[in-house]
Amino acid sequence: MLGAEECLRLLSKVPVGRIVYTDRALPAIQPVNFVVDGWSVVVRTAPRSR
């Protein structure tokens, strides 16, 4: 099992990830750009984004 520090270190090496959420009772996957800022993962969203 990976610890939190190792997870953040690995995340900081890639520019694109995936967010998984429920859309009308079905799983949906959306690619997202993100950055790691300390202990936070920051995802930019638009006002009308899912």
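Please report, as a whole percent, how much of the solvent-accessible surface of the chain comes from carbon and sulfur atoms (probe radius 1.4 Å). Percent of accessible area from carbon and sulfur atoms in the chain: 57. The residues ILE29, ILE19, sorted by heavy-atom accessible surface at 1.4 Å with ligands and nucleic acids left out, run ILE29, ILE19 from largest to smallest. Based on protein heavy atoms only, the chain ends up with 94 Å² per residue of surface accessible to a 1.4 Å probe. Shown here for the chain: chymotrypsin sites (Phe, Trp or Tyr not before Pro) in loop regions (DSSP other than H, G, I, E, B) with at most 10 other Cβ atoms within 10 Å, namely TRP39.
The values are calculated or read from the model by the stated rules, or taken from the named source; none is laboratory data. Only a predicted model underlies this, so the values are computations on that prediction, with no experimental measurement involved. A quick note on method: Cβ atoms are made from the backbone with ideal geometry, for glycine too, and the neighbour counts reach across all protein chains shown. Remember, those area values only see protein heavy atoms, side chains included, never the ligands or the DNA or RNA. Shrake-Rupley method; radii C 1.70, N 1.55, O 1.52, S 1.80 Å.
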